Amino acid sequence: MTATASGTRTAGSRGAPPGTSRTPRTSGSVGRAAVLSGVLVAAGTGLGFLRDLVMAHLFGASRGTDAFLVAWTIPETVSPLLIEDAMALLMVPVVTRLLARGDGLRPFARRTLPRLVAGLAVVTVTLALAAPAVVGLLAPGLPGHGPAVLCVRLTAVTVVTFGVAGFMSATLRAHHRFGPPAAIYAAYNVGILALIAGLSAPRG
C-alpha cells in the first residue's frame, strides 16, 4: 500500500518531471499578456496624439473645428466608460462565472446583447434629441450652434457602437484574450486617420 501510494502521481503533475511546476508557464503567459496590452495601449495613445496633430495641421482653428471638438466630447466620454470601466466591471465577472460553471456564452449573448443594444439605442436617440441642450451646456459661448448640434447627433451613434465593443471586449478578457481589447484604441485612431486622409485629399 505504501509503495503504491508513493508511486502515484496526481492529475495536475501527470507527465511533469519531479520538482517542476506549471506556475512559471502561467506567470510567463500573464507577463506576455501584460506586455502586449501595454504596447497596444501605448500605440493607441500615440496614434491619438498623432490624430490631434494631423487635425490641427489640416483644419486649424475654425468654427467647424470648434463644432467638432464640442461633439467629440461624446465619444471621448463614452469610450472609457463603456469599453473599459462600467462594461468590464459588469460583464467580466458574469462571463467568468458562466465559464467556470461550464455554461455556454451563446444563450447569454442572445439574451443580453439585444437588450443592451436597445438600451443604448434609447440613450443615443435621447442624446440626439437633446443635442441643442448638450451643446449649450458644453459650449455656451459658441457662436452658431447648428454645426455643433449636427456633430453631436452624429457622434451620439458611438454610444451603441462603443457599448457593443465593450461587451465583446469584456467577453474576450474573461477568456484571457487581452490583445484585441487592448488594440481597440489603436484601431479606432487608425480608422480616424484613414478617414481624414481619404476625405481631406479632395480638398487639397
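For the range 4-116, give me every one of the helices (runs of 4 or more DSSP H) that falls completely inside it and has 3 or more residues that are touching a strand residue (DSSP E or B) at 6+ places or on another chain (Cβ under 8 Å), farther than 23 Å from His175 by Cα and at pLDDT below 85.
Numbers: elements: 23-59, 63-71, 73-78, 86-101.
Of the helices (runs of 4 or more DSSP H) lying wholly inside the range 4-116, none has at least 3 residues that are touching a strand residue (DSSP E or B) at 6+ places or on another chain (Cβ under 8 Å), farther than 23 Å from His175 by Cα and at pLDDT below 85.
Within the range 84-134, track down each residue that is of a type in the set (A, V, I, L, M, F, W, C) and closer than 27 Å to Pro147 by Cα.
If the condition is that a residue be of a type in the set (A, V, I, L, M, F, W, C) and closer than 27 Å to Pro147 by Cα, then Leu120, Ala121, Val122, Val123, Val125, Leu127, Ala128, Leu129, Ala130, Ala131, Ala133, Val134 are the ones that fit.
List, please: which pairs have Cβ atoms under 8 Å, are six or more places apart or on different chains, and start with a residue in the range 44-55 that is within 11 Å of Ala186 (Cα to Cα) and end with one that is among the aromatic types (Phe, Trp, Tyr)?
Partner pairs satisfying both residue conditions: Gly44/Tyr185; Gly44/Tyr188; Thr45/Tyr185; Leu47/Tyr185; Gly48/Tyr185.
Look at Val94 and say whether it is over 14 Å from the mean Cα position of the chain (by Cα), within 25 Å of Phe167 (Cβ to Cβ) and surrounded by 13 or more Cβ atoms within 10 Å (Cβ to Cβ). Give the derivation first.
Details: over 14 Å from the mean Cα position of the chain (by Cα): yes; within 25 Å of Phe167 (Cβ to Cβ): yes; surrounded by 13 or more Cβ atoms within 10 Å (Cβ to Cβ): yes.
The answer is yes for Val94.
Within the set of pairs 6 or more residues apart or between chains, which connect a residue that is not small (Gly, Ala, Ser) inside the range 66-77 to a residue that is not in a helix (DSSP H, G or I) with Cβ atoms less than 8 Å apart?
Close Cβ pairs satisfying both conditions: Asp66/Ala139; Asp66/Leu142; Val70/Ala139; Val70/Leu142; Ile74/Ala156.
Considering only residues that are aliphatic (A, V, I, L, M), within 15 Å of Met87 (Cα to Cα) and within 10 Å of the chain's Cα centre (by Cα), look in the range 166-194 and name the one that is surrounded by the fewest Cβ atoms within 10 Å (Cβ to Cβ).
Per the stated criteria, the residue is Met168.
The values are calculated or read from the model by the stated rules, or taken from the named source; none is laboratory data. Fair warning: this is a prediction, and the values are worked out from it, not measured in the lab. No Cβ is skipped: glycine too gets one built from the backbone with ideal geometry, and neighbour counts run over all protein chains shown.
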